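Let me begin by presenting the structure, written as structure tokens, before commenting on it.
Laboratory data are not the source of any read-out in this text; all were calculated from the coordinates shown. The structure displayed is predicted, hence computed values, not measured ones. Neighbour counts are summed over all protein chains in view; Cβ atoms, including those assigned to glycine, are modelled from backbone coordinates with ideal geometry.
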Amino acid sequence: MALQSIGDLARSFVLRQQGAHLTRETDRLTREVSTGRATDTARHLSGNLLPLADIERALTLADAHREVARIAAVDAGIMQTALGRVEESGRALAVAALATGSAGGAMQPGVIAEAARNALSSMIGALGTGSAGRVLFGGEVTDRAPLADADTLLQELRTVLTAAPDASALRGALDSFFDAADGGFATGIYRGGQGSAAGHALGAGETVALSIRADDAALRGQIKQAAMLSLIDDPALALDPEDRAALARELGTGLLAGQDGVARLRGQLGFAEERIAQAVARIDAETTGLRVARNDLVSVDIFESAAALEQVQTQLETLYTITARTARLNLANFLS
């Protein structure tokens with residue numbers, strides 16, 4: 001039988017090639033033992049990567065929905081705080097108006113007017129709050145304040161009210177300015193959109209809309225009463241002291257009556273916040289399940305990998321021994 005052998009150079013190359021292969025296997029198995037996951041996913045799944053790709057896609061969507069839910073929760077919290085400011089400002093102003101208007105002595109219109117101007121500025125400022133550069137109470141228009149500032153509102157309202165010849169006409173002019181479709185509030189003060197803001201997609205076909213606008217009847221009513229009280233001391237209005245006192249009481253009562261409407265809006269917003277919280281819990285549960293499924297696909301048997309690692313290390317040590325012995329072979333040692 002013919003014997004075949006390879007030369008020294010070829011033997012050296014083969015030994016280096018085997019050494020490199022065993023070293024790579026050692027590194028791969030070491031990572032698998034330490035992480036519990038397959039290093040070569042395609043090899044581990046026999047080339048069938050479709051289930052893993054589906055899971056990764058679902059995880060990406062879940063992350064996107066979680067971010068949308070986070071933004072929705074922040075927006076809802078800011079809106080809830082803003083409505084709280086409107087409610088508190090209206091309540092405090094109502095108490096002041098009722099107390100001042102029912103006083104036994106001469107009314108102090110300057111005091112209530114100053115308080116009303118502060119409350120009006122607070123209400124308008126609250127409804128102009130935004131998040132991440134987006135205005136929240138302007139409907140689909142999110143790039144500008146939904147309401148003109150308090151000074152602009154009072155200036156336009158004063159122009160309309162000073163033309164009223166008596167208290168009855170003044171009340172009619174006030175109602176027309178704020179409540180008519182072509183009134184000054186709708187055409188010049190409210191600058192938001194007429195449609196609702198885009199909803200927040202939370203996944204699983206669920207969408208939550210934070211659609212409260214600054215021209216909502218409940219909010220408009222609070223602004224209306226506060227604006228009129230801000231002008232209660234204006235000498236240009238056709239009001240005598242008794243009319244001013246009666247109007248102050250009427251406006252204070254209107255502010256208190258309108259609190260129910262603001263509370264209703266806050267309740268609607270609270271319901272939306274609850275839906276967002278439930279969606280976050282659902283998304284977290286889905287994400288946990290998907291991660292478990294992904295781990296099941298890419299995980300390895302650590303004990304099996306450890307046994308294979310020990311075997312490869314033994315092979316590598318044997319190869320090192322053979323390489324060392326081969327390196328000591330020379331003609332002098334052979335002839336001795």
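Other residues lying with their Cβ under 13 Å from the Cβ of residue 190 contribute a combined charge of -1, Lys and Arg counting +1, Asp and Glu -1. The stretch 44-66 to the stretch 111-147: how many Å between their Cα centroids? Rounded to whole Å, the Cα centres lie 44 Å apart. Taking a Cβ cut-off of under 15 Å around residue 127, the surrounding Lys, Arg, Asp and Glu residues balance to a net charge of +2, with basic ones at +1 and acidic ones at -1.
Neighbours of residue 83 by Cβ distance under 11 Å: Lys/Arg scored +1, Asp/Glu scored -1, total 0. Derived scalar couplings between HN and Hα for the stretch 216-232 equal 4, 4, 5, 6, 4, x, 5, 5, 4, 5, 5, 5, 5, 5, 5, 9, 5 Hz in order, rounded to whole Hz, by the Karplus curve 6.51 cos²θ - 1.76 cosθ + 1.60 (θ = phi - 60°), x for Gly and Pro. For the stretch 53-288, the calculated P(r), taken from all Cα-Cα distances in 10 Å bins from zero up to the bin holding the longest distance, is 8, 30, 28, 17, 10, 5, 2, 0 percent. Taking only the alpha carbons of the stretch 110-222, we obtain Rg and Dmax values of 16.4, 60 Å in that order. Straightening the chain between residue 315 and residue 186 buys 37.9 nm, computed as 0.36 nm per residue apart minus the Cα-Cα spacing.
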